[in-house]
Amino acid sequence: MSTKIWYPSAVWYEKAVYDYPLGQEILKRVTSLGIPLQLIESHNKSRLELADPQKRFYASKKILILGVKKDLRLQNCSPSADYRLIIGTSCPGFCEYCYLADSLGERVFPRVYINLDEILQPLLTILRNNRDQKTTSEISSSGDPLATEHLTGLLSKTIEILAEEPNARLRVVTKFPWVEPLLALKHNGNTFFRFSFNSEYVINTFEHGTASLKERIDSMQKLGAANYPLGAIIAPIILYDNWQQDYYNLIKDLAKYLPQLETFELITFRFSNRAQMKIFTRFPHSKLPFPKNGIRHKAFGKYVYDEENQQKIKSFFIETLSTFFPQSHISYFV
Ligand code: SF4
């Protein structure tokens, strides 16, 4: 069964959205779809008045917020890129271990920022002042840009603008399958597309509301046919009973259907005390294995697998990837 394309139950918007042609365009589109609109003071401060935290979480994920991004400073995006390019926040999916759980707090609404030209300006200045140097920007560090693309067109516009900058390298990562709007774009190979992959068990058990493994592979094949350079993120890598066999099968499938994958980014499971509490509030029956042993405390209440486990995972992935993808390379393992 394919993942049904997402439509919000309501769109909340800041008044200033009307000052931008792109904002007007999006408002017109959602109005024509019969989606109710509501004016808000600030994209950052809006809340749903629902006492039950679980109901509030699910209801918030159904509302799309349109806002104007005020802080336009570029931030570093180690280890994946030089800069973070933020055109949106969050997404309509329900991954139990969402990497944004800590930073978003209660503000889990899918949000998009319609002042794209202003957001892109600092990056364009850097690109044009440093023509000899390739500059990478990561557009998925604060949300999933493909999840709302059919309503906003923001990712397509960004891809086309950066296609005209010879030293620009845009990096996208997604878990959603709706790639059609991107297939006919002129991208000049400047957009490097990754899907976030995991074992079929992990996707089906913990990544609710996102594409299945098969859909991710199918969508990536379409992007490959449209000449986008491709890579994969495997994250979070989780230790559970059958992890080795399941991740082996994943890599074998990727090699069969997507042999052109150039790079792999590998991120092991990590969690904080705060995130753990939130997960059990939002997903009371969660089967996520929060280990008591074999982990180490990093800092600020954050835990990662201990050295022995990290080494075990690393060796397994190096060996398996070198068997199935001898030409590709591991960009980083954390
Ligand atoms: Fe979070 Fe990404 Fe999952 Fe959306 S797809 S819930 S942003 S981890």
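Within the stretch 144-159, restricting attention to residues that are surrounded by 23 or more Cβ atoms within 10 Å (Cβ to Cβ) and over 12 Å from L182 (Cβ atoms), the residue that is nearest to the ligand (Cβ to nearest atom) is D144.
Please indicate, with yes or no, whether at least one residue in the stretch 248-256 is surrounded by 17 or more Cβ atoms within 10 Å (Cβ to Cβ) and closer than 12 Å to Y97 by Cβ. No - not one qualifying residue is present in the stretch 248-256.
Taking the conditions (1) over 30 Å from H285 (Cβ atoms); (2) over 16 Å from the mean Cα position of the chain (by Cα); (3) not in a strand (DSSP E or B) in turn, L155 satisfies each one other than (2).
Close contacts from the stretch 203-220, counting a first residue that is farther than 14 Å from L250 by Cβ and a second that is assigned to a helix (DSSP H, G or I), with Cβ to Cβ under 7 Å and a gap of 6+ residues or different chains, come to A211/S219. Of note, L50 does not satisfy the criterion of being within 30 Å of P284 (Cβ to Cβ) and modelled with pLDDT of 95 or more.
Is it fair to say I203 is over 16 Å from the mean Cα position of the chain (by Cα) and either in a helix (DSSP H, G or I) or more than 16 Å from the ligand (Cβ to nearest atom) (or both)? Here the answer is no, as I203 does not meet what is asked. Got at least one residue in the stretch 110-117 being within 11 Å of the ligand (Cβ to nearest atom) and in contact with an Asp or Glu (Cβ under 6 Å, 6 or more places away or on another chain)? No, every residue in the stretch 110-117 fails to be within 11 Å of the ligand (Cβ to nearest atom) and in contact with an Asp or Glu (Cβ under 6 Å, 6 or more places away or on another chain).
There is no residue in the stretch 179-197 that is under 30 Å from Q244 (Cβ atoms), over 16 Å from the mean Cα position of the chain (by Cα) and within 14 Å of the ligand (Cβ to nearest atom).
Among (1) within 14 Å of the ligand (Cβ to nearest atom); (2) touching a helix residue (DSSP H, G or I) at 6+ places or on another chain (Cβ under 9 Å), where does L104 come up short? Only one criterion is unmet by L104, namely (2).
Kindly evaluate L72 against the criterion of being away from the ligand (no atom under 15 Å from the Cβ), surrounded by fewer than 20 Cβ atoms within 10 Å (Cβ to Cβ) and either on the phi > 0 side of the Ramachandran plot or assigned to a loop (DSSP other than H, G, I, E, B) (or both). Spelling it out, L72 is indeed away from the ligand (no atom under 15 Å from the Cβ), surrounded by fewer than 20 Cβ atoms within 10 Å (Cβ to Cβ) and either on the phi > 0 side of the Ramachandran plot or assigned to a loop (DSSP other than H, G, I, E, B) (or both). Might you check whether a residue that is out of contact with any Leu (no Cβ under 7 Å at 6 or more places or on another chain), in a helix (DSSP H, G or I), without any contact (Cβ under 8 Å) to a residue 40 or more places away in the chain and over 20 Å from H208 (Cα atoms) occurs anywhere in the stretch 165-178? Looking through the stretch 165-178, none of the residues is out of contact with any Leu (no Cβ under 7 Å at 6 or more places or on another chain), in a helix (DSSP H, G or I), without any contact (Cβ under 8 Å) to a residue 40 or more places away in the chain and over 20 Å from H208 (Cα atoms). I'd like to know if the stretch 194-214 contains one or more residues that are farther than 30 Å from H285 by Cβ and of a type in the set (S, T, N, Q). Checked against the condition, which is being farther than 30 Å from H285 by Cβ and of a type in the set (S, T, N, Q), the stretch 194-214 yields no hits at all. None of Q276, Q245 is surrounded by 16 or more Cβ atoms within 10 Å (Cβ to Cβ), free of Cβ contacts under 8 Å to residues at least 24 places away in the same chain and of a type outside the set (F, W, Y) except Q276.
The values are calculated or read from the model by the stated rules, or taken from the named source; none is laboratory data. What you are looking at is a predicted structure, and each value in this text was computed from that prediction instead of being measured. Using ideal geometry, Cβ is built from the backbone for each residue, glycine included, and neighbour counts are taken over all protein chains shown.
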